[in-house]
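Since every read-out is calculated from the coordinates, none of them should be taken as a lab result. The model shown is predicted, which means the values in this text are computed figures rather than measured ones. Here Cβ is always computed from backbone atoms with ideal geometry, including for glycine, and neighbour counts include all displayed protein chains.
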Amino acid sequence: MEEIEVPTEHLHEQLHESAQENAEHWILKVALTAALLAVFAAITALLAGHYANEAMIEQIQASDQWAYYQAKGIKSAVLENKIDMLQQLGKEALPKEKEKANQYKEDQKEIDKKAREKEKLSEKHLSLHNMLAKGVTIFQVAIAICAISALTKRKWLWYGSIALGLIGAILFLITFI
């Protein structure tokens with residue numbers, strides 16, 4: 001009986017080429033995932049920086065308002081001391097001075113309101129910054145895991161990086177809801 005020889009060398013080469021193409025295709029997917037995660041991280045970082053700046057500006061404006069509040073208080077105290085001193089000397093203060101002292105106190109109420117509004121805005125912007133900063137961190141970790149998955153050829157790490165990217169995206173979206 002004659003043996004039929006099967007050309008396995010050619011089959012072996014085809015399997016090797018197919019495996020190589022699949023691996024390259026998978027690495028391409030991992031690289032694309034890492035690039036997309038980097039874009040999301042950059043956008044999120046930009047917004048986080050924006051809100052940090054806004055928080056700082058609002059806090060500076062609140063501090064300015066509190067300084068203005070104190071200045072009005074000092075002016076009021078000086079004027080009230082002048083009025084008291086005049087009364088102790090048996091003289092009457094000008095009605096204009098009494099009105100001005102009262103106006104300083106009214107001004108302080110408005111300034112207080114503005115300062116508190118600025119502080120609340122600052123806290124809101126800082127809260128947005130913190131949420132976005134967490135998103136940036138998660139995106140960066142996802143990028144690192146993506147790179148590790150490409151180096152180790154572990155698909156489960158790639159899937160993990162995609163899951164982390166989704167968590168980062170959810171944090172990004174929650175920030176604005």
Next on the checklist: Take A77 and tell me if it is surrounded by 14 or more Cβ atoms within 10 Å (Cβ to Cβ) and either among the hydrophobic types (A, V, I, L, M, F, W, C) or touching a Ser or Thr at 6+ places or on another chain (Cβ under 9 Å) (or both).
Outcome noted: no
Checklist entry - Take the residues of the stretch 138-174 that are β-branched (V, I, T) and either without any contact (Cβ under 8 Å) to a residue 12 or more places away in the chain or not in a helix (DSSP H, G or I) (or both): which is surrounded by the most Cβ atoms within 10 Å (Cβ to Cβ)? => result I148
Item to check | Subset of the stretch 74-115 (residues that are under 24 Å from I60 (Cα atoms) and free of Cβ contacts under 8 Å to residues at least 24 places away in the same chain) | outcome: I74, E106, K109, E110, K113
Checklist entry - Taking the condition in a helix (DSSP H, G or I) and within 30 Å of W26 (Cα to Cα), does G73 pass? => result no
